Structure formats: C-alpha cells, structure tokens
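Report on one structure; see the data block that follows.
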Amino acid sequence: MAKIAADQIEKYGGPITLSHATGSGQFDPVTRRTTPAVVKYTGKGVSQKVGAGEVNGTSIQTGDRRLIVAAMAIPFVPSPNDSVVADGATWNVSHVATESAQGVAVTHELLIRK
C-alpha cells in the first residue's frame, strides 16, 4: 500500500521541498549557539485547501492547506515547525498525522500555514 501511495503522489503531486531541522548541528563559539543541521527532501506532494467547515480559528485557520506526502519517499518523519516550499510559497508545518496500514507508514498528512 505504501508503494501505491508513493506512485500516485509521484504521478499527481506537485513539486515540494520539505526542510527538517535535526537535533545535531554546528556550534558557533562566537555566538555560543548551535545552528541545527537541516535535512531537505525535494520531491512531490499533493496540496489541497482545508474545507471551510474544518476551520475552528485555533488549530485550523483560514488559509491553511493540507499537504500529503508519501512516507516511504521521505528520509525522516516531518514535525511541527518544519518548513515547506509548495505551490510557489513557503509554509510552516503546524501539525503532522501519519496514516499507516498494517503497521507500515503510508502517508504523512501535514497541516501547513503561511
């Protein structure tokens, strides 16, 4: 099922770049801060508007979009505060839900916001 989802997203999805900050990075002795390492995935995703009936003003806001990506295509699990370039704009991930079948991750559904 994961392969079928990946094939369909590859066929019908649009280009995206998903950036995910990892816990490890480089320490700058001048600023005394660690800059997180960023892992990027460039591939395809299916973007769709969030329905008006789903908007509650807090967790889902007007203008939010849903982005579906194939779990097997991404080398990491997306998380809130990741960023996505999709549909010609940069978005922040506010929520991630992973859909699984028989214990295998099939898709990640990201709620994205400008």
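Numbers for the structure displayed
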{"quantity": "Which listed residue, of Thr35, Thr17, Thr31, Thr42, is in contact (Cβ under 8 Å) with a residue 24 or more places away in the chain and open to solvent by 60 Å² or more (accessible area, probe 1.4 Å)", "calculated": "Thr42"}
{"quantity": "Residue list for segment 47-62, filter: assigned to a loop (DSSP other than H, G, I, E, B) and under 26 Å from Gln8 (Cβ atoms)", "calculated": "Val50, Gly51, Ile60"}
{"quantity": "Per-region count, segment 84-104, residues open to solvent by 40 Å² or more (accessible area, probe 1.4 Å) and part of a strand (DSSP E or B)", "calculated": "9"}
{"quantity": "Members of segment 67-83 found to be out of contact with any helix residue (DSSP H, G or I) (no Cβ under 9 Å at 6 or more places or on another chain) and surrounded by fewer than 20 Cβ atoms within 10 Å (Cβ to Cβ), listed by number", "calculated": "Ile74, Pro75, Phe76, Ser79, Pro80, Asn81, Ser83"}
{"quantity": "Only listed residue being in contact (Cβ under 8 Å) with a residue 24 or more places away in the chain, of a type in the set (Val, Ile, Thr) and more than 14 Å from Ile112 (Cα to Cα), chosen from Ile68, Ile4, Ile74", "calculated": "Ile74"}
{"quantity": "Any chance Thr58 is without any contact (Cβ under 8 Å) to a residue 12 or more places away in the chain and surrounded by fewer than 13 Cβ atoms within 10 Å (Cβ to Cβ)", "calculated": "yes"}
{"quantity": "Subset tally (residues that are of a type in the set (S, T, N, Q) and touching a Gly at 6+ places or on another chain (Cβ under 9 Å)) for segment 1-45", "calculated": "3"}
{"quantity": "Selected residue (criterion: modelled with the lowest pLDDT) from residues of segment 1-33 that are among the polar types (S, T, N, Q) and over 18 Å from the mean Cα position of the chain (by Cα)", "calculated": "Ser24"}
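For (1) among the basic types (Lys, Arg); (2) under 15 Å from Ala2 (Cα atoms), each residue gets a yes or a no:
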position	(1), (2)
Val39	no, no
Lys49	yes, no
Trp91	no, no
Glu99	no, yes
Val106	no, yes
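The values are calculated or read from the model by the stated rules, or taken from the named source; none is laboratory data. Just so we're clear, the structure is a prediction, and the values are computed from it rather than from any experiment. As a convention, Cβ positions derive from the backbone with ideal geometry for all residues, glycine included, and neighbour counts pool all protein chains shown. Surface accessibility is based on the protein's heavy atoms, side chains included, excluding ligands, DNA and RNA. Shrake-Rupley method; radii C 1.70, N 1.55, O 1.52, S 1.80 Å.
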